[in-house]
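Data block below; observations after.
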C-alpha cells in the first residue's frame, strides 16, 4: 500500500507518493523502469548508473530524464531529457542546471526528498501548468541511482502525459 506525504508535513510535496509497488504504477514506461530498478538494485538501496542500459527502455526513452546530482549543495544537472519531454516543453533543457529553469521549486523539493530518503517516488495526475502543449496533467516516477552503499549521484525519471 503506497504512502502519500500529507501537505502539513512538507508543503509543496502533497502529491508525492512513496513506498509503492509496481502494480500501483498506472503507465507502461513507469512499470518497466521500476521493474528494472528493483531487479538491478539487488540487496542495495538503489542501483548504480552503470547498471542502467538504455536497451531495456528503448520504447520508453523519449519520456526518460537523467539528472546528475552534485554534492552538498544538491545541484541537479539535466544530463538527458527525452524527446517526448522536450516536445511538451518546446525546448531542450539538456545540459542546463535545474535552477536555470523557471518554476522548478516543487521539482527541487521532490528531488531533495529522493536524495534525503534514498527512495523512489511517483506523482500522479499533476497539473502540467508548465507544458506548452495541450497536456493538462502528467505523472512521473523518479528513482535514485548511485554506488552501492554510497550517496545518490543521479536521478532517473519517466514521465507520462495526459490531456484530460
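Values quoted throughout were computed directly from the atomic coordinates according to the rules given, and no laboratory measurement underlies them. Given the structure is predicted, the values throughout are model-derived calculations rather than measurements.
Extension gain, residue 14-residue 75: 0.36 nm per intervening residue step, less the Cα-Cα distance, totals 19.7 nm. Per-residue ellipticity at 222 nm from helix content only, as computed over the chain with -39500 (n - 2.57) for each DSSP H run of at least four residues, stands at -6500 deg cm²/dmol.
Mean separation of Cα pairs under 8 Å and 6 or more residues apart, divided by the residue count, gives the chain a relative contact order of 24 percent.
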